[in-house]
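See structure below.
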Amino acid sequence: MSLEHSPHLIESSASAPSAHTARIQAAIDTAHASGGGTVVLGPGVHVCGSITLKSGVELHLAHGSRLLAADDSSLFPTFEGHDPKLTANKAFGALLQARGACDIAITGSGTVDGGGAWEEAPDWFSAQSIFRPSMAYFEGCSGVRIESVSFVGAKWWCLHLRRCEQVRLHGLRMRHNWPNSDGIDPDGCRNVIISDCDLTCGDDCIVAKSTQGDDCENIVVTNCVLTTPCAAFKLGTESKGAFRNITVSNCVLRGDVGFALYMKDGGCMENIQGSQLLFDTSSAYPILIDAMPRDYASGKAAGTIRNVRLGGCSVRGPGRAWIEGPPEGTVENIRLHDIDWVLTASLPESPPAKPLGSARVRLDPDRPAYETQRAQVIAVHVRGLRLDNWSVNGADAAERALLWSNTPQKIPG
């Protein structure tokens, strides 16, 4: 892109963040009013508050440009209808936002910086009282494209997409380590492709949600490197609606849980597939499929998980797989095939319990200690579980059963 020929070129400025925000917003408004166009942020630092993208507008970050979130909460209007119980954030704003827009884009080799310096990350409890805007929040948009941009220093969820359709996220780079700094959160979205991304996040890397009961459908994740102390690829825990027709393939999953399905709020997960995944993890349970209710004492059903395929995977680490549903049997038709697992450590005498997936999950303290079963796969109240072509080697592999289940299952020869 030729900067000198761009009709909407914004040069970096030492002016007050409020004035520079207004300058960028005016350029976006003008491009939108003229039927669409590209607004270019030139090289240098652009310190801004919240910016609203509009239909037909592409925000292009030129090489050497940095869009930096201002350290002034007054420049980030908070959204109405925010529920801190679902999002672990006392208020909700965004550096880049759009609502009801069509055909919008963020492109270029520049950087979006949330201001969350790596060495200044607070602990989880302290972070909950800090105003932490999202890097980008798009709601009810169609035709969203984000390509090649770097996102660093997110203090909270980085890319939050709610009720969006026709989303393409390609070649993104993320580097952040603050609590709750998820990478990409499709929330009740349809027709989403996430490809060729390199994400290092302080919380879940790619996590689909249904915070308000909207369905997540037709999502493809491929050719990504995902690094996190939490979950690399995850559905839930916020799961009021349905998750269906979702695939993850050809990815490297590094850190803690690699593949996690958490159905906690009464919805349904079905037709979920993972293939050609490389797990490099120290987690006790890098593969987790969990349909237990959010609060054991609530009397509410967690929901259903069915028709899940995970295969062609290589796992290196000390952990095991855990699959669990309630006694009424709402986890069914699960197949784990062609798994090559290299154990790097023996099971401890007292293995750790299953991860909760969220600080807002409460388990029955009197439930059986299933983790004490010395098996590679723990299956609790699962119907139609099939294990094909497993290879488990290293550490204490010879001392572990392949499967422990309280429901009769068949392991094909």
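The values are calculated or read from the model by the stated rules, or taken from the named source; none is laboratory data. These figures come from a predicted structure and were not determined experimentally. Note that each Cβ is placed from the backbone with ideal geometry, even for glycine, and that neighbours are counted across all protein chains shown.
A few comments on the model shown:
- Considering segment 366-389, the residues that are among the hydrophobic types (A, V, I, L, M, F, W, C) and in a strand (DSSP E or B) include one that is surrounded by the fewest Cβ atoms within 10 Å (Cβ to Cβ), namely 375.
- Filter result for residue 20 (touching a residue at least 24 places away in the same chain (Cβ under 8 Å), more than 16 Å from residue 69 (Cβ to Cβ) and not polar (S, T, N, Q)): no
- Per the listing 349, 328, 371, 324, the residue uniquely more than 23 Å from residue 280 (Cβ to Cβ), among the acidic types (Asp, Glu) and at pLDDT 95 or above is 324.
- Number of positions in segment 108-148 that are under 18 Å from residue 186 (Cα atoms), modelled with pLDDT of 95 or more and part of a loop (DSSP other than H, G, I, E, B): 2
- Residue count for segment 289-312, restricted to those that are assigned to a strand (DSSP E or B), touching a Lys or Arg at 6+ places or on another chain (Cβ under 8 Å) and closer than 13 Å to residue 237 by Cα: 3
- Residue match in segment 278-288 (condition: part of a strand (DSSP E or B), of a type outside the set (Phe, Trp, Tyr), under 20 Å from residue 228 (Cα atoms) and modelled with pLDDT under 95): yes
- Consider segment 39-81 and keep the residues that are among the β-branched types (Val, Ile, Thr) and buried (at least 19 other Cβ atoms within 10 Å of the Cβ). The one that is farthest from residue 141 (Cα to Cα) is 47.
- Selection status of residue 198, surrounded by fewer than 24 Cβ atoms within 10 Å (Cβ to Cβ), in contact (Cβ under 8 Å) with a residue 24 or more places away in the chain and in contact with a Leu (Cβ under 8 Å, 6 or more places away or on another chain): yes
- Checking 315, 392, 331 one by one, the residue that is under 26 Å from residue 239 (Cα atoms) and surrounded by 14 or more Cβ atoms within 10 Å (Cβ to Cβ) is 331 and no other.
- Candidates are the residues of segment 240-289 that are surrounded by fewer than 24 Cβ atoms within 10 Å (Cβ to Cβ) and charged (D, E, K, R); the one that is nearest to residue 198 (Cα to Cα) is 254.
- Pairing each residue of segment 51-66 that is farther than 13 Å from residue 34 by Cβ and touching a residue at least 12 places away in the same chain (Cβ under 8 Å) with any residue that is of a type in the set (Asp, Glu) and buried (at least 19 other Cβ atoms within 10 Å of the Cβ), provided the two are 6+ apart or on different chains, yields C-beta distances under 7 Å for 66/113.
- Residue 190 vs. criteria out of contact with any Cys (no Cβ under 7 Å at 6 or more places or on another chain) and either under 19 Å from residue 243 (Cα atoms) or modelled with pLDDT under 95 (or both): yes
- Selection status of residue 221, at pLDDT 95 or above and closer than 20 Å to residue 93 by Cα: no
- Total residues in segment 331-364 satisfying the condition of being closer than 20 Å to residue 297 by Cβ and either of a type in the set (Asp, Glu) or free of Cβ contacts under 8 Å to residues at least 40 places away in the same chain (or both): the figure is 3.
- Test: residue in segment 6-29 that is at pLDDT 95 or above, outside any helix (DSSP H, G or I), of a type in the set (Gly, Ala, Ser) and surrounded by 15 or more Cβ atoms within 10 Å (Cβ to Cβ): no
- Unmet criterion (only one of (1) touching a residue at least 24 places away in the same chain (Cβ under 8 Å); (2) at negative phi) for residue 115: (2)
- In the condition set (1) among the basic types (Lys, Arg); (2) out of contact with any helix residue (DSSP H, G or I) (no Cβ under 8 Å at 6 or more places or on another chain); (3) closer than 29 Å to residue 124 by Cβ; (4) modelled with pLDDT under 95, residue 360 is compliant with all but (2).
- Residue, nearest to residue 291 (Cα to Cα), within segment 334-343, restricted to residues that are buried (at least 20 other Cβ atoms within 10 Å of the Cβ) and in contact with a Phe, Trp or Tyr (Cβ under 9 Å, 6 or more places away or on another chain): 336
- Taking the listed residues 148, 126, 109, 142, the one that is surrounded by fewer than 22 Cβ atoms within 10 Å (Cβ to Cβ), free of Cβ contacts under 8 Å to residues at least 24 places away in the same chain and either more than 15 Å from the chain's Cα centre (by Cα) or under 24 Å from residue 251 (Cα atoms) (or both) is 126, with no other qualifying.
- Subset of segment 39-67 [β-branched (Val, Ile, Thr) and touching a helix residue (DSSP H, G or I) at 6+ places or on another chain (Cβ under 7 Å)]: 39, 40, 47, 51, 52, 57
- For segment 186-217, a tally of residues being in a loop (DSSP other than H, G, I, E, B) and at positive phi returns 3.
- When segment 395-413 is filtered for residues that are of a type in the set (A, V, I, L, M) and surrounded by fewer than 15 Cβ atoms within 10 Å (Cβ to Cβ), the ones remaining, listed by number, are 398, 401, 402, 411.
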